[in-house]
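S.K.: The structure under discussion is supplied below as structure tokens; questions concerning it will follow.
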């Protein structure tokens with residue numbers, strides 16, 4: 001979308017009409033994507049490969065005032081909500097890790113010590129339940145926290 005992303009569009013629609021019943025139809029299935037859309041005011045979140053019957057059922061439910069998430073997406077959202085959220089600084093460190101930066105380079109860019117970077121990296125590992133930088137990047141990408 002050239003002007004806004006989906007979440008931005010949801011927010012703008014809800015500002016104009018707080019009662020709008022928005023169904024998101026997308027290819028993005030990361031738990032962070034689902035969370036942001038629902039938090040912005042979407043009433044349903046479906047993937048584009050949803051069968052026609054499932055789409056029709058969803059639209060009917062939302063029209064009737066219900067919210068709808070298919071069970072696999074609801075499980076992803078539950079995983080997101082139950083896990084500890086990364087702080088803004090941890091996100092900055094994670095993004096630089098994904099760009100291949102060393103702790104020293106990350107520290108220089110963020111004006112923090114190598115020790116502080118290591119503390120953030122350990123916290124990221126704990127919160128994402130991973131044991132390596134590569135696993136952290138893969139997990140964060142899958143969850144929609146970062147984009148490569």
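S.K.: Going by what's in this entry, would residue 77 be described as under 27 Å from residue 128 (Cβ atoms), under 12 Å from the mean Cα position of the chain (by Cα) and not assigned by TED's automatic domain parsing to the domain that holds residue 137?
M.R.: Yes; evaluated as a whole, the condition is true for this residue.
S.K.: Residues 46, 69, 94: which one is out of contact with any strand residue (DSSP E or B) (no Cβ under 8 Å at 6 or more places or on another chain), surrounded by 12 or more Cβ atoms within 10 Å (Cβ to Cβ) and free of Cβ contacts under 8 Å to residues at least 60 places away in the same chain?
M.R.: 94
S.K.: All but one of (1) farther than 30 Å from residue 120 by Cα; (2) assigned to a helix (DSSP H, G or I) hold for residue 25, so report the exception by its number.
M.R.: Result: residue 25 fails condition (2) only.
S.K.: Here is a check on your reading of the model: is residue 133 surrounded by 14 or more Cβ atoms within 10 Å (Cβ to Cβ), closer than 14 Å to residue 90 by Cα and outside the structural domain of residue 32 (by TED's automatic domain parsing)?
M.R.: yes
S.K.: Right, next: Please list, ordered by residue number, the helices (runs of 4 or more DSSP H) wholly in the range 67-148 having 3 or more residues that are at pLDDT 95 or above.
M.R.: So the answer is 88-98, 103-110, 114-128, 133-143.
For every residue, the table says whether it meets (1) assigned to a strand (DSSP E or B); (2) within 28 Å of residue 141 (Cβ to Cβ); (3) at pLDDT 95 or above.
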position	(1), (2), (3)
4	no, yes, no
12	no, yes, yes
20	no, no, yes
29	no, yes, no
36	no, yes, no
56	no, no, yes
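S.K.: Continuing with the same structure: What's the total number of residues in the range 97-126 that are closer than 25 Å to residue 73 by Cα and surrounded by fewer than 16 Cβ atoms within 10 Å (Cβ to Cβ)?
M.R.: So the count comes out to 1.
The values are calculated or read from the model by the stated rules, or taken from the named source; none is laboratory data. Everything numeric here is computed off the predicted structure, so don't read it as measured data. Note that each Cβ is placed from the backbone with ideal geometry, even for glycine, and that neighbours are counted across all protein chains shown.
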